[in-house]
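J.: Attaching a single structure in structure tokens format; questions to follow.
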Amino acid sequence: MDRPALHLVIAVCLVLAGCSVLGPDHSRDERAASALADARDAVNATDTYRFDGDLRVVATADGETERVAVGTNGTVDAADRRMHSTSVHEGEAHEAYVIDGTAYRECGGPMGMDMWGVENVTADDWRTTTPAARQLALLESGSLSHNGTRTVDGEKAVLLVGRPTTEALTRYQERRDRSLLGGPSVENATVRVWLDAETSRPLRSAVRFEVSQGGSSASASIDTRFAGYDSELSVDVPVILDEETWETGCPGG
């Protein structure tokens with residue numbers, strides 16, 4: 001696999017789009033399933049929160065190793081159905097907005113030309129598209145265990161550990177109409193979510209998985225932190241002119 005193709009595998013598999021997962025569906029602990037249901041209800045009842053995270057990939061292709069690191073942060077205003085996020089890679093920042101059923105993503109690279117890619121967001125419940133809800137959705141099928149309590153940022157937290165199924169990974173992907181090079185496989189996917197022991201709201205999550213296709217492979221980690229639940233947060237959307245948008249999304253996106 002050449003290096004441009006490897007970059008594409010990394011970019012898509014960071015959101016687990018067009019990938020399959022190997023392995024059986026294992027047992028689910030009743031206490032863990034109950035805690036997950038409480039967390040889902042808590043997130044659905046929350047109007048605002050902040051999130052930030054780190055995405056890291058170590059990829060090998062043609063005997064060469066490449067490392068990619070992306071920092072993210074953002075704000076969710078579920079009451080007004082708005083979300084803003086910023087991603088930083090090698091010192092370059094790109095913003096993205098979700099406004100009701102429309103997503104705007106700042107295009108980068110030499111083909112970006114200060115344009116915004118526009119895509120539709122399809123969901124029966126808008127809240128299910130937000131980061132906290134999507135992390136919890138990964139635990140809805142596959143194995144799930146209750147790993148006791150920990151202290152996270154000074155708060156008592158319940159730790160849930162799961163190994164998601166193909167169906168859960170498919171629901172997690174951001175753009176279901178995209179596939180990639182015949183479908184690289186995702187292996188050894190593990191999800192950890194730390195829930196506030198009192199409110200059941202997610203405090204942190206950690207996703208680990210490996211990707212392989214042909215002679216190329218990559219290991220990825222996505223660590224996310226959540227805070228500011230139901231605080232006075234809002235998302236201010238800039239004026240984006242029609243002539244500054246690509247209705248088909250960003251080139252190569």
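The values are calculated or read from the model by the stated rules, or taken from the named source; none is laboratory data. All values reported here derive from a predicted model rather than from experimental measurement. Cβ coordinates were reconstructed from backbone atoms using ideal geometry, including for glycine residues, and neighbour counts include every protein chain displayed. With ligands, DNA and RNA removed, areas are computed over all heavy atoms of the protein, side chains included. Shrake-Rupley method; radii C 1.70, N 1.55, O 1.52, S 1.80 Å.
J.: Out of Leu144, Leu160, Leu169, Leu136, I need the residue that is closer than 27 Å to Thr102 by Cβ, outside any loop (DSSP other than H, G, I, E, B), in contact with a strand residue (DSSP E or B) (Cβ under 6 Å, 6 or more places away or on another chain) and modelled with pLDDT of 60 or more. Which one?
T.: Numbers: Leu144 fails: closer than 27 Å to Thr102 by Cβ; Leu160 fails: closer than 27 Å to Thr102 by Cβ; Leu136 fails: in contact with a strand residue (DSSP E or B) (Cβ under 6 Å, 6 or more places away or on another chain).
Within the list Leu144, Leu160, Leu169, Leu136, the selection yields Leu169.
J.: Can you tell me which condition Ala103 does not meet? The list is (1) free of Cβ contacts under 8 Å to residues at least 60 places away in the same chain; (2) hydrophobic (A, V, I, L, M, F, W, C); (3) closer than 17 Å to Arg163 by Cα, and all the others hold.
T.: (3)
J.: Take the residues in segment 147-158 that are under 22 Å from the mean Cα position of the chain (by Cα) and closer than 20 Å to Asp41 by Cα, then tell me which one is most open to solvent (accessible area, probe 1.4 Å). Even if it seems obvious, please write down each step before you answer.
T.: Looking only at segment 147-158, we keep the residues that are under 22 Å from the mean Cα position of the chain (by Cα), and these are 152-153, 157-158.
Then keep just the ones that are closer than 20 Å to Asp41 by Cα; that gives 157-158.
Numbers: Ala157: 0, Val158: 23 Å².
It comes out as Val158.
J.: Also, I was wondering about something else. Could you list, in sequence order, all residues of segment 115-133 that are part of a helix (DSSP H, G or I) and open to solvent by less than 30 Å² (accessible area, probe 1.4 Å)? Please lay out each step first, then the result.
T.: Restricting attention to segment 115-133, the residues satisfying the condition of being part of a helix (DSSP H, G or I) are 126-129, 131-133.
Passing the criteria: Trp126, Pro131, Ala132, Ala133.
J.: Would you point out the residue of segment 98-114, among those that are touching a Ser or Thr at 6+ places or on another chain (Cβ under 8 Å) and crowded, with 18+ Cβ neighbours inside 10 Å, that is nearest to Thr46 (Cα to Cα)? Working first, answer last.
T.: Residues of segment 98-114 that are touching a Ser or Thr at 6+ places or on another chain (Cβ under 8 Å), as a first pass: 98, 101, 104.
Keeping just the survivors that are crowded, with 18+ Cβ neighbours inside 10 Å gives 98, 104.
On the way: Val98: 17, Tyr104: 23 Å.
In this case the residue turns out to be Val98.
J.: From the residues in segment 77-97 that are without any contact (Cβ under 8 Å) to a residue 60 or more places away in the chain and closer than 30 Å to Ala35 by Cβ, which one is least open to solvent (accessible area, probe 1.4 Å)?
T.: Ala78
J.: Answer yes or no as to whether Gly71 is surrounded by fewer than 19 Cβ atoms within 10 Å (Cβ to Cβ) and touching a strand residue (DSSP E or B) at 6+ places or on another chain (Cβ under 8 Å).
T.: Numbers: surrounded by fewer than 19 Cβ atoms within 10 Å (Cβ to Cβ): yes; touching a strand residue (DSSP E or B) at 6+ places or on another chain (Cβ under 8 Å): yes.
The answer is yes for Gly71.
J.: I need every pair where a residue in segment 230-246 that is at pLDDT below 90 has its Cβ under 8 Å from the Cβ of a residue that is surrounded by fewer than 10 Cβ atoms within 10 Å (Cβ to Cβ), sequence separation at least 6 or different chains.
T.: Close Cβ pairs satisfying both conditions: Glu244/Asp114.
J.: Same structure, new question: Is at least one residue of segment 83-106 modelled with pLDDT of 85 or more, within 30 Å of Glu198 (Cα to Cα) and not in a strand (DSSP E or B)?
T.: For segment 83-106, residues modelled with pLDDT of 85 or more, within 30 Å of Glu198 (Cα to Cα) and not in a strand (DSSP E or B): absent.
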